[in-house]
1. Step by step: first the residues of region 83-109, then only those that are at pLDDT below 95 and under 22 Å from residue 241 (Cα atoms), then the one that is surrounded by the most Cβ atoms within 10 Å (Cβ to Cβ). Which residue is that?
2. Scan region 302-318 for residues that are more than 19 Å from the chain's Cα centre (by Cα), assigned to a helix (DSSP H, G or I) and surrounded by fewer than 24 Cβ atoms within 10 Å (Cβ to Cβ) and report the count.
3. Quick one: which of 249, 322, 266 is in a helix (DSSP H, G or I) and modelled with pLDDT of 95 or more?
4. If you take the residues in region 319-342 that are free of Cβ contacts under 8 Å to residues at least 40 places away in the same chain and crowded, with 24+ Cβ neighbours inside 10 Å, which one is farthest from residue 364 (Cα to Cα)?
5. Could you tell me whether any residue of region 166-173 is assigned to a helix (DSSP H, G or I), in contact with a helix residue (DSSP H, G or I) (Cβ under 6 Å, 6 or more places away or on another chain) and surrounded by fewer than 24 Cβ atoms within 10 Å (Cβ to Cβ)?
6. Do you know which residues across region 32-50 are modelled with pLDDT under 80 and in a loop (DSSP other than H, G, I, E, B)?
7. Conditions: (1) within 18 Å of the chain's Cα centre (by Cα); (2) in a loop (DSSP other than H, G, I, E, B). Residue 137 meets all but one. Number of the miss?
8. Among the residues that make up region 281-288, is at least one of them under 30 Å from residue 42 (Cα atoms), in a helix (DSSP H, G or I) and in contact (Cβ under 8 Å) with a residue 12 or more places away in the chain?
């Protein structure tokens, strides 16, 4: 593509941006396959009673996805966005077939290792490519649209698999959806998605001041601890996914213990990511107007309130309301964290910083599953859920104290906005 023809912005790149939104919907659908029924498979088909053992699939998923996120950013900078995206879909091909036919729980864990690698590559690259296309003016909206597609698909897939399982059994029928998701996602990524590295070069050229390219070690240090804004974002992302891992693994068990049917559990499992996904359409764009810091801090506090409400409830209405609150809080946080990363990083090393952030964020799945499982086995489900609610509230306090506002002040003129 000629440099003169490259422009930044959602309107200017609407066709490719829309295509990437669709691709990310299929990425989210793959995670949703497991969202409502895998704990039931563990208990009913494999006879696993220990909470920590049941949640082992989330640990496997979280660790591999986190590690892959880190390398995805580096690989994207080195080899190109499209190649890494396609590779992620190729890794996903065996996943639904293993979930259908797994003879032991170790096979389920192996499938989640593959799923984690695939998600780390595919979801990371849809994020990075949308940031490339959007430019600095509408990053929050861009991330809101991306995460909307992914998490509405998670919700739809969770609801669909629960409905299919209630009528036809836990396996193999619910996982047929995964075959469709992989086929469509891979085909679109190969034949329709275009490389976006030229947009990165264009944005870098528009920067007013040249910046020394940091080493990978420096990027890791800045994003993890050295930079107050980047490290605040990383810890909030970790805790956000820590509570998501708990909700993924323990909420279905809590709902079952409080006499919800499989179909009701499927509805409840879908409410939280559906609210999260839909609300991001507004919260991402909102962060472009009001800023990032307080949307992140207050979002963590709303999440904590939602988890607490689920804990003290004992019926469908209370569980659903808690799930809605948790979804709203997560929607306030999720796209805003990604936009904040993009605000304070140079285009030349932005993908690597996003990779480090997503490393820490998705390690939250593993930490959440381990922490919640161990506490639940020792002290019971309520104690585990209460501990996660407290950690989520504390994370918001860290953001409020340590982070500064990252939203850049840009001119209303498109050329000036691009040049920031």
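The values are calculated or read from the model by the stated rules, or taken from the named source; none is laboratory data. All of these numbers come straight from a predicted model, not from anything done at the bench. Don't worry about glycine lacking a Cβ; one is built from the backbone with ideal geometry, like all the others, and counts go over all protein chains shown.
1. The qualifying residue surrounded by the most Cβ atoms within 10 Å (Cβ to Cβ) is 108.
2. 8
3. Details: 249 fails: modelled with pLDDT of 95 or more; 266 fails: modelled with pLDDT of 95 or more.
Of 249, 322, 266, the one residue that is in a helix (DSSP H, G or I) and modelled with pLDDT of 95 or more is 322.
4. Of all residues in region 319-342, those free of Cβ contacts under 8 Å to residues at least 40 places away in the same chain come to 321-322, 325, 329.
Next, only the ones that are crowded, with 24+ Cβ neighbours inside 10 Å stay: 322, 329.
Details: 322: 21, 329: 17 Å.
Result: 322.
5. There is at least one residue in region 166-173 that is assigned to a helix (DSSP H, G or I), in contact with a helix residue (DSSP H, G or I) (Cβ under 6 Å, 6 or more places away or on another chain) and surrounded by fewer than 24 Cβ atoms within 10 Å (Cβ to Cβ).
6. 36, 49, 50
7. So the condition that residue 137 fails would be (1).
8. In the first step, residues of region 281-288 are kept if they are under 30 Å from residue 42 (Cα atoms); the result is none.
For region 281-288, residues under 30 Å from residue 42 (Cα atoms), in a helix (DSSP H, G or I) and in contact (Cβ under 8 Å) with a residue 12 or more places away in the chain: absent.
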